[in-house]
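Data first, discussion second: the structure below is written as structure tokens.
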Amino acid sequence: MVGGGLAGLTVALELASKGRGVTVLESRRIAWGASGRNGGFVSPGWAARASQVLKRVGPDHAKALFRLSMEGVTMVEEAIRDLGISDANVTPGILRVSRYENTRALEQLRDEQQAEFGRHLRLLTREEVQGLLLSNKYHQALLDEASFHFHPLNYARALAREIVRLGGRVHEDSPAVQVDLGGQEKTVRTPSGEVKAATVVLAGGGYTDSIVPALRRSFLPIATYVVLSELAPDLIAGAIRTKAGVSDGRRAGDYYRVVDGRLLWGGRITTRTTDPRDIAAVIRREIAATYPQLGALKIETAWSGLMAYARHLMPLIGPLMPNVWSCTGFGGHGLNTTAIGARVVAEAIAQESDRYRLFEPFSFAWNGGPFGTAAAQLTYWAYQGMDFLRERRSARAA
């Protein structure tokens, strides 16, 4: 496995559990990239919206993919339970809020999820939402009490420990600098050695370099930002009165949760992979615009992370050549999807299933290079504009 994030670790763990010998090569530290930097929200779905998946593959196929995403949530739950990962700090509940009047659409989504997948989502009125989130930005919400948020880095580290316990090898500070994948025996070279294997899984993310150019050309690295506030439980409680994680319905909306008296807040996406001069100031403005009462809240630390997005926004899962697999491109919805993506790859390697074929419609198409980068940024700005207009219309109607 090339890549020690959640995808590579989960493939390795699935195979080690079947008695296979596995080696994970990580260029930095375990979960150093998006796997350890994300907001920790675990819920069904993919980075691509349901309507986009439906348009590409049709209703039956789309339902099968959504069920896979649900299985991914269950996988994370079971791993936390079975491995006794107490420092995962699981907190139930995710609240999906709307920043404009959206009752009818949310009712329809709730009913469809119940009928098709047996999921129980609770629709909250604007009054109920504003009893939990003291902001005039929000209207209705769907509360998903079966989803949860947790500490993703501690979870990833526990997976690595279990791989080692089962006899696998995990090498940090071991970047893959050269590969020979054409023969029956594959070779992956690092600055200090090499690994020979019958099968290679490429499971890097937004930080992946070009050792396999065909894969690197299939996605764009997209940046997002996260901050953690000072310890201020009383101040935060004056704005946020729920333990559920919160995210809004915009394409690149805010997502946040209260963590031990601090506020963890993420948001924004950009194709610019270098950090702005002051990430904290960028996100702090978002916080204050949503909750003016948190204007005095200080930011203690801030970071960015690169996600891997294909043009179709779905993962890049499948064979690149005989016995060389891709398991990457999970975008901004990776905690459940890395789990199930890794499982279907492991099943294919062990010749137990061909469920990976559900991802065949989402090909390894060229990302467009500089033109793709520009198009992605323009698309994001267009979504921002549409979201802004919806909010303005809703405000005028009120």
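The values are calculated or read from the model by the stated rules, or taken from the named source; none is laboratory data. Computed from a predicted model, the values in this text were never measured in an experiment. Virtual Cβ from ideal backbone geometry, glycine too; neighbours counted across all protein chains shown. The protein model used for the area step is the full one, side chains on, heavy atoms only, and it has no ligands, DNA or RNA in it. Shrake-Rupley method; radii C 1.70, N 1.55, O 1.52, S 1.80 Å.
Computed values, structure above
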item: Identity of the residue in segment 314-323, in contact (Cβ under 8 Å) with a residue 60 or more places away in the chain, open to solvent by 20 Å² or more (accessible area, probe 1.4 Å) and assigned to a strand (DSSP E or B), that ends up farthest from Gly253 (Cα to Cα); result: Met321
item: Yes/no for Gly93 being surrounded by 15 or more Cβ atoms within 10 Å (Cβ to Cβ) and either in a helix (DSSP H, G or I) or touching a helix residue (DSSP H, G or I) at 6+ places or on another chain (Cβ under 8 Å) (or both); result: no
item: Residue match in segment 246-260 (condition: of a type outside the set (Gly, Ala, Ser), open to solvent by less than 20 Å² (accessible area, probe 1.4 Å), farther than 26 Å from Tyr155 by Cα and at pLDDT 95 or above); result: no
item: Qualifying positions in segment 68-84 - open to solvent by less than 10 Å² (accessible area, probe 1.4 Å) and closer than 15 Å to Leu13 by Cβ; result: Gly72, Val76
item: Pairs with Cβ under 6 Å, 6+ apart, first in segment 57-74 and over 14 Å from Val344 (Cβ atoms) and in a helix (DSSP H, G or I), second of a type in the set (A, V, I, L, M) and open to solvent by 50 Å² or more (accessible area, probe 1.4 Å); result: Ala62/Leu54
item: Filter result (among the hydroxyl-bearing types (Ser, Thr, Tyr) and either crowded, with 19+ Cβ neighbours inside 10 Å or modelled with pLDDT of 85 or more (or both)) within segment 272-300; result: Thr290, Tyr291
item: Residue list for segment 283-310, filter: assigned to a loop (DSSP other than H, G, I, E, B) and touching a strand residue (DSSP E or B) at 6+ places or on another chain (Cβ under 8 Å); result: Tyr291, Leu297, Lys298, Ala310
item: Filter pass, Gly334 being open to solvent by less than 40 Å² (accessible area, probe 1.4 Å), without any contact (Cβ under 8 Å) to a residue 24 or more places away in the chain and either over 24 Å from Gly368 (Cα atoms) or touching a helix residue (DSSP H, G or I) at 6+ places or on another chain (Cβ under 9 Å) (or both); result: no
item: Unique residue being more than 25 Å from His139 (Cβ to Cβ) and among the small types (Gly, Ala, Ser) when the list is Gly253, Gly261; result: Gly261
item: Single residue of Arg268, Arg311 found to be surrounded by fewer than 22 Cβ atoms within 10 Å (Cβ to Cβ), of a type in the set (Lys, Arg) and within 30 Å of Met1 (Cβ to Cβ); result: Arg311
item: Number of the exception - Leu215 against (1) touching a residue at least 60 places away in the same chain (Cβ under 8 Å); (2) open to solvent by 50 Å² or more (accessible area, probe 1.4 Å); (3) more than 24 Å from Tyr100 (Cβ to Cβ); result: (2)
item: Residues (open to solvent by less than 50 Å² (accessible area, probe 1.4 Å) and over 26 Å from the mean Cα position of the chain (by Cα)) located in segment 136-180; result: Val179
item: Per-region count, segment 127-147, residues closer than 14 Å to Arg96 by Cβ and either outside any loop (DSSP other than H, G, I, E, B) or without any contact (Cβ under 8 Å) to a residue 24 or more places away in the chain (or both); result: 11
item: Cβ-Cβ under 6 Å pairs, at least 6 apart or on other chains, segment 218-239 side closer than 30 Å to Pro361 by Cα and without any contact (Cβ under 8 Å) to a residue 40 or more places away in the chain, far side part of a loop (DSSP other than H, G, I, E, B) and basic (Lys, Arg); result: none
item: Filter pass, Ser17 being more than 30 Å from Gln130 (Cβ to Cβ), small (Gly, Ala, Ser) and open to solvent by 60 Å² or more (accessible area, probe 1.4 Å); result: yes
